[in-house]
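Novice: The structure under discussion is supplied below as C-alpha cells; questions concerning it will follow.
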Amino acid sequence: MKSQIEQKHSIFFGNTGYDKLRELITIKKYDKILIFSDSNTEKNCLPNFQDQLNINDLQKNTEIKNKLYHYKVKPGEVSKNLDESKKIIEFLILNGFKRNSLIINLGGGLITDLGGFIASIYLRGIEFVNVPTSLLGMVDASIGGKTGVDLNNLKNIIGSFNNANLILIDTSFLSTLSERQMRSGFSEMIKHSLIDSRNHWEKIKVVNDCSDINEKIIYNSIKTKIDIVESDPKESGIRKFLNYGHTLGHAIESYFLGTKKEILHGEAILIGLILESFLSHKILDLEIKDVLEIKDFIMKFSKKISFDQDDIENIIKLLKFDKKNKSNKAQFVLLEDIGKPSFNNESSFVEIKDAFEFYRL
Ligand SMILES: NC(=O)c1ccc[n+]([C@@H]2O[C@H](COP(=O)([O-])OP(=O)(O)OC[C@H]3O[C@@H](n4cnc5c(N)ncnc54)[C@H](O)[C@@H]3O)[C@@H](O)[C@H]2O)c1
C-alpha cells in the first residue's frame, strides 16, 4: 500500500526516502544544492539528515563537493515573509544558483512553505524537496503543493501551488520535537481521520499519548490528505473538507494572537474540532455519542481554555460571514457521520454559542 503513494506521489519513507533522494541528486546532477532550515532544525535534524543521506559518500561519487550550501532562518512565523524571502533569494543569486539547482527544505511547515515558495519563484521555478521534521509538516504542510508567505497580519496571502519533486518522511526527527508541537500536529491527524472514515477514526482512537504516534498512522493521515488533494488540487470543491475544525479554530487562533493566552495553531484546531463536531450534531444530526467521544478523546491532548461571553462574541465576529447571506450565518464543513463531511453548511450565532457551552461543560 505504501508503495502506491511512494511511486505516484513521490512521498518516500525512511531509508527508501534517503535512497530516492540520493538517486535524484545523482541522476539530476544539480549544479548547486541548498539545504534550507531554521536554527532549531539545523541543530536537531541537520546532522542526522546528512548522516542518513551519507553526504560524504555522495560528494565523492557525484562531484557535488563545493556545491552544497546551507541557509537558516529564525524559527517561527516571524520568518515567513517577503523580507526574509528577499534575503534568501539574494543568497541564491550571490552563490550562483541556476535553473538546475535544488532546494532541500529541512524543517516544519514554516520551512516547507517558505522554501517551497522561494523555489517556485526563483528563476520562475527551480526544483525542491521537502523533508518535514515536525508532525504537522509530515501529515499536512509538506503535502499537497501549497507554498506561501504571510503579509502583515494576513497568513499565507502570497504563494503558489507547486509540488515538491520528492517528499521524504523520516519519523525519527520527531524524537526532538516538543510534546506541545506533537499535540499541535496531532490535531490534523484527528481531523483527517474524522473526515476520512470510521475505520481511520478507530485507528486514531488507540493513541493514548504522543509516544503512540507511529509511521503507520502517519502514513494513514498522509494518504487521506493526498487522496483529497488529488481529487481537487486547487480547492474548488472537496479539498474544503480539510477545513473541518478550522473555521472556528482559525478564529480562536487569531483572537488570542499577541495576547497572554496565545495558543499554537493545532491547539486552536483541537478546540475547533470539538465545536464543529457539536455543530455537526445540531445541523446534520451527527450522533451525539460520536460528538461526546470526539470531545473526550481530544481533551486527552488539549488543555481546557476558558472563554467568557466577550471572548465568544469577539471570536464569532472574526468568522467570515458571507455578505450576501441575509440570515447572518457562517459557513462550515460539518460531518453527517464520521467519514461523511460536507461543505457550505450554515450555522447561526446561537448554535455557535451553544457549541462553546458544550465545550465548557
Ligand atoms: N502548505 C500547507 O498546506 C500548510 C498546511 C498547514 C500548515 N502550514 C503552515 O505550516 C506552518 C506551521 O507548521 P509547523 O507547526 O511545523 O511550524 P514550524 O515549522 O514553525 O515548527 C514548529 C516549531 O518546531 C520546531 N521544529 C520543527 N521540527 C523540529 C524537530 N524535529 N525537532 C525540534 N524542533 C523542531 C521549529 O523550529 C519550530 O520552532 C504555518 O506557517 C502554517 O501556515 C502549511
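Novice: Quick one: what are the phi-derived ³J(HN,Hα) couplings along the range 26-38, Karplus 6.51/-1.76/1.60 with θ = phi - 60°, whole Hz, x for glycine and proline?
Specialist: 5, 5, 7, 6, 4, 6, 9, 10, 9, 9, 10, 8, 9
Novice: To the nearest 20 Debye, how big is the dipole of the range 179-360 about its Cα centre, given +1 on the beta carbon of each Lys and Arg and -1 on that of each Asp and Glu?
Specialist: Using Cβ point charges on Lys, Arg, Asp and Glu, the range 179-360 gives about 320 debye.
Novice: Given just the C-alpha atoms of the range 2-176, how large is their convex hull per residue in cubic angstrom? Display every interim value, and only then the final one.
Specialist: Numbers: hull volume 18.3 nm³, N = 175.
Hull volume over Cα atoms, normalised by residue count, gives 105 Å³.
Novice: Which aspartates and glutamates have a Cα lying under 16 Å from the Cα of Lys72, excluding residues fewer than 8 positions away in the same chain?
Specialist: Asp38, Glu42, Asp83, Glu84, Glu90, Asp113
Novice: Any idea what angle helix 265-284 forms with the longest principal axis of the chain, computed on alpha-carbon atoms, 0 to 90 degrees, nearest 10?
Specialist: Here the helix axis deviates by roughly 40 degrees.
Novice: Another one. At 0.36 nm per residue, minus the direct Cα-Cα distance, what do Lys87 and Leu154 gain on full extension? Give it in nm, one decimal, please.
Specialist: Details: separation 67, 0.36 × 67 = 24.12 nm, distance 2.05 nm.
Result for the pair: 22.1 nm of gain on full extension.
Novice: Between Glu262 and Glu215, what's the calculated FRET efficiency when r is the beta-carbon distance and R0 is 30 Å? Round to 0.05.
Specialist: 0.40
Novice: Once the dipole of the chain is set up with Lys and Arg at +1 and Asp and Glu at -1 on Cβ about the Cα centre, which of Leu275, Ile312, Asn165 lies farthest towards its positive end?
Specialist: Asn165
Novice: Same structure again: Students often forget the sequence filter, so: which aspartates and glutamates lie under 13 Å Cα-Cα from Lys8 once same-chain residues fewer than 8 apart are removed?
Specialist: Asp227, Glu230
Novice: Also, quick follow-up: Rounding to the nearest 20 debye, state how big the charge dipole of the chain is about its Cα centre with +1 on each Lys and Arg Cβ and -1 on each Asp and Glu Cβ.
Specialist: That gives a dipole near 960 debye.
Novice: How about Lys353: which aspartates and glutamates have a C-alpha closer than 12 Å to its C-alpha, ignoring those fewer than 8 places off in the same chain?
Specialist: Within the straight-line cut-off, Lys353 pairs with Glu276, Asp308, Asp310, Asp311, Glu313.
Novice: Counting other beta carbons within 10 Å of each residue's own, what order do Met189, Met138 fall into, fewest first? Walk me through the intermediate numbers first.
Specialist: On the way: Met189 27, Met138 34.
Ascending number of Cβ neighbours within 10 Å: Met189, Met138.
Novice: Please report, in whole Å, how far the alpha carbons of the chain spread along each principal axis, starting with the longest.
Specialist: 65, 41, 36
Novice: By how many degrees, 0 to 90 and rounded to 10, does the Cα axis of helix 215-231 deviate from the longest principal axis of the chain?
Specialist: 80
Novice: Something else: Nearest 10 degrees is fine. How inclined is helix 246-256 to the longest principal axis of the chain, computing both from alpha carbons?
Specialist: Once rounded, one gets 80 degrees.
Novice: Return the whole-Å distance between the Cα centroid of the range 230-264 and the Cα centroid of the range 29-95.
Specialist: The range 230-264 and the range 29-95 have Cα centres spaced 30 Å from each other.
Novice: Taking H placed 1.01 Å from N in the peptide plane, check which residues at least 5 places from Tyr69 or on another chain put their amide H under 5 Å from its amide H.
Specialist: HN-HN under 5 Å from Tyr69: Ile33, Leu34, Ile35.
Novice: Same structure again: Would you kindly derive the ³J(HN,Hα) couplings of the range 162-178 from the backbone phi angles with the Karplus curve 6.51 cos²θ - 1.76 cosθ + 1.60 (θ = phi - 60°), listing them in order in whole Hz, with x for Gly and Pro?
Specialist: 7, 7, 5, 5, 7, 10, 10, 9, 10, 5, 5, 4, 5, 5, 9, 6, 5
Novice: Restricting to DSSP H runs of at least four residues, report the calculated mean residue ellipticity at 222 nm for the chain, -39500 (n - 2.57) per run over all residues, nearest 500 deg cm²/dmol.
Specialist: Taken over the chain, the calculation gives -15500 deg cm²/dmol.
Computed from the coordinates by the stated procedures, all read-outs in this text should not be read as laboratory data. Remember, it's a predicted structure, so these values are computed and weren't measured experimentally. Reconstructed Cβ throughout: ideal geometry from the backbone, glycine too, with neighbour counts over all protein chains shown.
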